[in-house]
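Visitor: Following this message is one structure expressed as structure tokens.
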Amino acid sequence: MRKAEGKLRVAMAAWEIGRVHSGLGAKIGGLGGVVEELPPELVKAAARQGLELEIETLSPCFAHYDKARLKPLGKPFPAAIEGHPFEVQTYEHIFRERLRFPDGRTRSVPFRMIYFWDQWQLSWTSAEAIYPEDPWMAAKLYAAISQGMAGYIRQGGFDTLHLHDYHVGLIPFYLGDEFLRTFPVHLTVHNASYQGITPLAGGGYSSLDRLNLPGERLFHRYFDFFDNLNLMKAAMLKVHENGGRTTTVSGDLEGSWGYA
């Protein structure tokens, strides 16, 4: 896919995208509501600055979605968990919304959703269950889908990546340092009570190796958290290290409540 000329293209990755009434979205908590409402507001805000913004939202393809309503993209992306290679399938769907712009005019704006599917990892999911209770099952699931998303981003002609919470926080590590030198990444924390804390399996290095990441190089620098992996900590450090911004939806600007 070639980058569209004259547009700022954003990849927005999130585990929930809202839009539950469409049958092609998920919302368990506030995350889904924010990710549903944010792209239209960003497009309008960009227009006020004379910018044309194009946002693609990347999310898992949960098992209850009707794939007959999704367009297969055809190109799978490689991933590996615990040394087992497989391919993550991709689908798309376009939602259209009528937006009123600063000039007073309204127009229909397309919002492209990219869904990532793997039977092995996602077949158990439903509208009410999209987060594994077992921390290692969760870590492997997030790692698998993040590898697919990273593959898509690498060939997508995007200008930047906006991550929503730790579930997709591994994407920068799969993109790699060379790619990140010219590709800004930002992170929004939605609920700091949950950080993807995962008990080690055979030690820190081995734990990351199981997720198809170089454990010896990454564990102590990013993930080590009292004999656990901490996915949120790793994502925040990586984003900061590469000059990106970390924001939050909790609290006020003065820091008088929440963790902003």
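Visitor: Using θ = phi - 60° and the Karplus form 6.51 cos²θ - 1.76 cosθ + 1.60, what ³J(HN,Hα) does each residue of the range 173-184 get, whole Hz, x for Gly and Pro?
Guide: My calculation for the range 173-184 gives 5, 7, 5, x, 5, 4, 5, 6, 4, 10, 9, x Hz in order.
Visitor: Before rounding to the nearest 500, sum -39500 (n - 2.57) across all DSSP H runs of length at least 4 in the chain and divide by the residue total; then give [θ] at 222 nm in deg cm²/dmol.
Guide: Counting only the DSSP helices, I get -8000 deg cm²/dmol.
Visitor: Counting C-alpha atoms alone, how compact is the chain: give Rg to one decimal and Dmax as a whole number, in angstrom.
Guide: 18.0, 60
Visitor: Rounded to the nearest 10 degrees, what's the angle between the helix 135-154 long axis and the longest principal axis of the chain, both from Cα atoms, 0 to 90?
Guide: Value to nearest ten degrees: 50.
Visitor: So what is the accessible area of the chain per residue, in Å², with the probe set to 1.4 Å?
Guide: Counting only protein heavy atoms, the per-residue value for the chain is 48 Å².
Visitor: Okay, next question. What is the distance in Å between the Cα centroid of the range 68-121 and that of the range 199-249?
Guide: Answer, in whole Å: 26.
Visitor: Ok, one more. So who's got an amide H within less than 5 Å of the one on G244, skipping anything under 5 residues away but keeping other chains? H placed 1.01 Å off N, in plane.
Guide: So G244 has HN proximity to V185.
Visitor: For helix 30-48, report the angle its Cα long axis makes with the longest principal axis of the Cα atoms of the chain; keep it between 0 and 90° and round to the nearest 10°.
Guide: On a 0 to 90 degree scale, this one is about 50.
Visitor: Are there any trypsin sites (Lys or Arg not before Pro) in the range 1-80 that are in a DSSP loop and have at most 10 other Cβ atoms within 10 Å? List them by number.
Guide: Passing sites in the range 1-80 are R2.
Visitor: Here is a further query. Are there GluC sites (Glu not before Pro) in the range 41-121 that DSSP marks as loop and that have at most 13 other Cβ atoms within 10 Å, and which are they?
Guide: The qualifying sites are E52, E82.
Visitor: Separate question: Return the carbon/sulfur percentage of the accessible area of the chain, one whole number, probe 1.4 Å, all protein chains in place.
Guide: For the chain, the apolar C and S fraction of the accessible surface comes to 51 percent.
Visitor: Next question, about the same structure. Stretched out fully, how many nm does the piece from Q49 to F179 gain, at 0.36 nm a residue minus the Cα gap?
Guide: Length gained between Q49 and F179: 44.0 nm.
Visitor: Same structure, new question: Tell me which GluC sites (Glu not before Pro) from the range 181-260 have a DSSP coil assignment and no more than 12 other beta carbons within 10 Å of their own.
Guide: Listed in order of number, the matching sites are E254.
Visitor: Once you've got the Cα coordinates, tell me which of K44/K238; K75/K233; K75/K140; K44/K233 are over 27 Å apart.
Guide: Violating the 27 Å Cα-Cα cut-off are K44/K238; K75/K233; K44/K233.
Visitor: Additional query: May I have the pair-distance distribution P(r) for the range 147-260, computed from all Cα-Cα distances with 5 Å bins from 0 and rounded to whole percent?
Guide: Pairs per bin, as whole percents: 2, 12, 21, 22, 20, 13, 7, 3, 0.
Visitor: Show T106, T57, T182 ordered by accessible area, largest first, where the area counts protein heavy atoms only and the probe is 1.4 Å.
Guide: From most exposed to least exposed: T182, T106, T57.
Visitor: Only bridges with both residues in the chain count here: give the DSSP antiparallel percent, nearest 5.
Guide: Antiparallel bridges make up about 50 percent of those DSSP assigns within the chain.
Visitor: How much accessible surface does H164 have with a 1.4 Å probe, in Å² rounded to 10?
Guide: Solvent-accessible area, nearest 10 Å²: 0 Å².
Visitor: Largest first, what is the accessible-area ranking of F183, F86 with a 1.4 Å probe?
Guide: Highest to lowest solvent-accessible surface, that is F86, F183.
Visitor: Let me ask something else. Suppose a student asked you for the relative contact order of the chain, using Cα pairs under 8 Å spaced at least 6 residues apart; what percent would you report?
Guide: 18 percent
The values are calculated or read from the model by the stated rules, or taken from the named source; none is laboratory data. Remember, predicted model here, so these are calculated numbers, not experimental data. Positions of Cβ are generated from backbone atoms using ideal geometry, with glycine treated the same way; all protein chains shown enter the neighbour counts. These area figures cover heavy atoms from the full protein model, side chains too; ligands, DNA and RNA do not enter into them. Shrake-Rupley method; radii C 1.70, N 1.55, O 1.52, S 1.80 Å.
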